[in-house]
Amino acid sequence: MKELLSGNESIARGAWEAGVKVATGYPGTPSTEILENIVQYKKDLYCEWSPNEKVAFEVAVGASLTGARCITTMKHVGLNVAADPLMTFAYVGAVGGFVACVADDPGMHSSQNEQDTRQYAKFAKIPVFEPADSQECVDFMRMAMDISEKYTTPVILRTTTRVSHSRSMVEMKDRTPGEHKIGFEKNPPRFVPIPAWARQMRVRLEDRLEKLKEASETSPANRLEWRDKELGIITHSITYQYVRDTFPEASVLKLGMSFPFPDKLIREFAGGVKRLLVVEELDEFIEEHVKAMGITCEGKNLVPRIGELSPNAMEVIKAKMEGRELPEVKPVAEASDLPARPPVLCAGCPHRGMFYALAQEDVIVTGDIGCYSLGVMPPLGRMDTILCMGGGITLAHGMDKAGEPKKVVGIVGDSTFFHSGITGLLNIAYNKGASTIIVVDNRITAMTGHQENPGSGLTLMGDTTVEASIEEIGKACGIKKIYTINPYDQEKTSQVLKDCLASDEPTLIVSRAPCLLYEKKPVGPPLVIDKDICVECGQCLELGCPALEAAEGSPSINEFLCGGCNLCLQVCQVEAIHVKED
């Protein structure tokens with residue numbers, strides 16, 4: 001039986017088919033849908049959203065050490081968070097199969113940076129598999145599990161945005177359980193990397209890498225496709241598809257198991273073609289190794305090292321190789337006349353009230369990762385920095401301690417707070433900071449599609465659970481002044497913010513109201529503007545609400561977009577806004 005599946009759906013299916021018993025992760029585009037799809041198999045396995053990627057990785061390690069097959073999922077920046085356990089687990093080694101599914105985001109469609117996860121595989125000295133379509137997502141998951149158990153190694157399954165979200169046909173197979181019985185076997189020299197034993201682990205790691213190199217030479221994930229030998233292309237992942245479309249006549253070495261490098265295969269291929277090109281997204285990972293082997297090749301002199309490759313980009317590369325005039329890259333015809341649609345906070349979004357209040361104060365706002373990051377966009381324009389998960393809190397403290405003359409406000413979301421914000425808040429209290437920290441709690445992990453988190457009261461598997469209190473955590477950290485507000489009450493929001501900014505000690509504001517898209521209902525009835533009263537001052541437009549329109553100068557409210565939050569009614573100085581009458 002075959003089904004049309006996305007890459008992420010296929011990874012979930014492959015994990016189930018491979019006998020995975022534990023699946024963990026933290027949501028992050030483009031990896032999120034892996035766990036969202038694996039939960040359909042919950043009668044056969046356990047799955048969870050963990051507070052962050054480090055926790056998710058470590059939970060999966062624990063499962064592996066009992067003999068269970070497991071996966072952990074994250075996006076590329078999430079692996080930074082999990083890098084500490086990754087490096088040491090490479091020494092300790094897996095028992096049950098362990099695969100870290102990491103989704104890179106070339107082109108930064110939904111990320112704060114570009115990273116090439118293959119570098120982590122090389123750094124940790126562990127294998128990496130790179131599927132090019134949905135079928136390979138399933139097949140490579142099974143291969144990765146087998147390799148993990150055979151060589152007692154963690155394995156990275158690296159995808160990209162295009163592989164994660166593209167769809168292709170997948171042949172469905174039955175579930176094959178792992179060979180290990182569940183039960184941890186005590187063996188401190190194997191599992192406890194104190195220096196005396198870790199030094200021996202280091203030697204075993206190098207021995208294992210040599211064996212993995214041999215496995216890479218014969219892996220079905222790597223294959224030679226001989227065609228015209230005038231041009232040979234070494235490629236990987238989704239770029240294989242682009243290469244086959246643009247250079248149908250060329251011979252290809254497709255690296256599905258791209259690390260450790262299959263040196264013999266590379267030499268055989270390079271020796272069989274007249275001209276060698278390496279096509280890869282992001283870093284010159286393969287190209288650098290090929291050149292280090294003493295093999296002449298072309299690569300980043302023709303292939304962009306920044307951004308996502310595409311069929312259009314491949315046509316430009318081909319023109320460069322042939323010395324032709326570069327083709328004009330045209331937009332997709334069907335989309336050529338569409339207006340720009342920059343991302344904005346949704347109509348009725350509870351974060352808008354807090355950002356509007358911040359816009360009235362002369363403060364520095366250190367922001368964080370979440371849909372509230374859109375508070376940086378005009379007309380609100382009320383975010384000054386973004387670094388990483390939890391950085392909204394810690395950067396605020398750093399500015400405060402540096403002697404920044406303005407008041408500093410740090411802002412994070414609820415899921416981000418549980419992910420990486422608690423230690424930063426503890427640090428502020430412990431080291432006697434004076435920042436104001438705001439947690440915009442919309443009761444869900446909104447940006448990545450409404451996943452549960454420790455404050456939502458539900459698990460990924462749908463079970464009711466403890467509902468962690470941000471206020472109680474703040475109190476336990478040592479913050480004494482804690483306020484909980486409804487951000488739709490603009491007067492109260494502004495007053496609490498002013499009181500906190502006037503304080504000479506750290507303060508915590510919990511701005512709590514649910515995401516409208518998650519609730520699937522408006523805050524209240526839609527509003528209208530009485531044009532006979534409106535003086536066209538533009539005050540309401542400063543909210544940046546997409547339901548407020550001013551195409552012809554005079555503002556109006558699109559009743560089909562209005563969330564009924566009443567913020568515009570509250571900021572209107574002439575009382576021109578009121579609830580629409582039936």
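The values are calculated or read from the model by the stated rules, or taken from the named source; none is laboratory data. Since this is a predicted model, take the numbers as computed values, not measurements. Please note: Cβ atoms are built from the backbone with ideal geometry, for glycine as well, and neighbour counts cover all protein chains shown.
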*Just one of the numbered conditions (1) of a type in the set (D, E, K, R); (2) surrounded by fewer than 22 Cβ atoms within 10 Å (Cβ to Cβ); (3) modelled with pLDDT of 95 or more; (4) within 29 Å of the chain's Cα centre (by Cα) is not true of LYS254; which one?*
(2)
_Of everything in segment 329-380, what is among the charged types (D, E, K, R) and modelled with pLDDT of 85 or more? Give them in sequence order._
ARG352, GLU361, ASP362, ASP368
_I need the full set of residues from segment 325-382 which are of a type in the set (Gly, Ala, Ser), surrounded by fewer than 15 Cβ atoms within 10 Å (Cβ to Cβ) and in a helix (DSSP H, G or I), in order please._
ALA333, ALA335
*asked:* Considering only segment 52-59, I want to know if a residue exists there that is part of a loop (DSSP other than H, G, I, E, B), within 18 Å of the chain's Cα centre (by Cα) and surrounded by 18 or more Cβ atoms within 10 Å (Cβ to Cβ).
replied: yes
*asked:* For ARG162, only one of the following conditions fails: (1) among the basic types (Lys, Arg); (2) in contact with a helix residue (DSSP H, G or I) (Cβ under 7 Å, 6 or more places away or on another chain); (3) surrounded by 17 or more Cβ atoms within 10 Å (Cβ to Cβ). What is its number?
replied: (2)
*Does at least one position in segment 405-424 carry a residue that is in a helix (DSSP H, G or I), among the charged types (D, E, K, R), out of contact with any helix residue (DSSP H, G or I) (no Cβ under 6 Å at 6 or more places or on another chain) and over 26 Å from GLY449 (Cβ atoms)?*
no
*Please verify whether segment 466-478 includes one or more residues that are surrounded by 19 or more Cβ atoms within 10 Å (Cβ to Cβ), of a type in the set (Gly, Ala, Ser) and either part of a loop (DSSP other than H, G, I, E, B) or in contact with a Ser or Thr (Cβ under 8 Å, 6 or more places away or on another chain) (or both).*
no
*Do any strands (runs of 3 or more DSSP E) entirely within segment 121-226 hold 2 or more residues that are among the charged types (D, E, K, R) and in contact (Cβ under 8 Å) with a residue 40 or more places away in the chain, and if so, which?*
167-171
*asked:* Only one of ASP283, ASP228 is over 21 Å from VAL128 (Cα atoms) and outside the structural domain of SER134 (by TED's automatic domain parsing). Can you tell me which?
replied: ASP228
*Of these, PRO177, PRO154, PRO195, which one is more than 22 Å from ARG69 (Cβ to Cβ) and either modelled with pLDDT of 95 or more or assigned by TED's automatic domain parsing to the domain that holds ALA94 (or both)?*
PRO195
*If we keep just the residues of segment 6-51 that are among the hydroxyl-bearing types (Ser, Thr, Tyr) and in a loop (DSSP other than H, G, I, E, B), which is surrounded by the fewest Cβ atoms within 10 Å (Cβ to Cβ)?*
THR29
*In segment 60-112, how many residues are farther than 23 Å from TRP197 by Cα and not in a loop (DSSP other than H, G, I, E, B)?*
18
*The lone exception for CYS565 - which of (1) modelled with pLDDT under 95; (2) part of a loop (DSSP other than H, G, I, E, B) it fails*: (1)
_I'd like to verify a number: residues in segment 484-497 that are part of a strand (DSSP E or B) and crowded, with 19+ Cβ neighbours inside 10 Å, how many?_
1
*Yes or no: GLN135 touching a strand residue (DSSP E or B) at 6+ places or on another chain (Cβ under 6 Å), surrounded by fewer than 24 Cβ atoms within 10 Å (Cβ to Cβ) and at pLDDT 95 or above?*
yes
*Provide a single number: the residues in segment 227-256 that are more than 19 Å from GLU284 (Cβ to Cβ), in a strand (DSSP E or B) and of a type in the set (D, E, K, R).*
3
*What residue, among those in segment 291-322 that are part of a helix (DSSP H, G or I) and of a type in the set (Asp, Glu), is nearest to ALA132 (Cα to Cα)?*
GLU315
*Is segment 519-531 home to any residue that is aliphatic (A, V, I, L, M) and within 30 Å of LYS75 (Cβ to Cβ)?*
no
*asked:* Return the residues of segment 60-93 that are closer than 21 Å to PHE417 by Cα, surrounded by 21 or more Cβ atoms within 10 Å (Cβ to Cβ) and among the small types (Gly, Ala, Ser); say none if nothing qualifies.
replied: GLY78, ALA82
*Can you tell me which residue in segment 533-557 is surrounded by the most Cβ atoms within 10 Å (Cβ to Cβ), limited to those that are more than 29 Å from VAL496 (Cβ to Cβ) and touching a residue at least 40 places away in the same chain (Cβ under 8 Å)?*
CYS534
*Condition broken by LEU326, with the remaining ones in (1) of a type in the set (A, V, I, L, M, F, W, C); (2) more than 15 Å from LEU231 (Cβ to Cβ); (3) at pLDDT below 95; (4) within 33 Å of the chain's Cα centre (by Cα) satisfied*: (4)
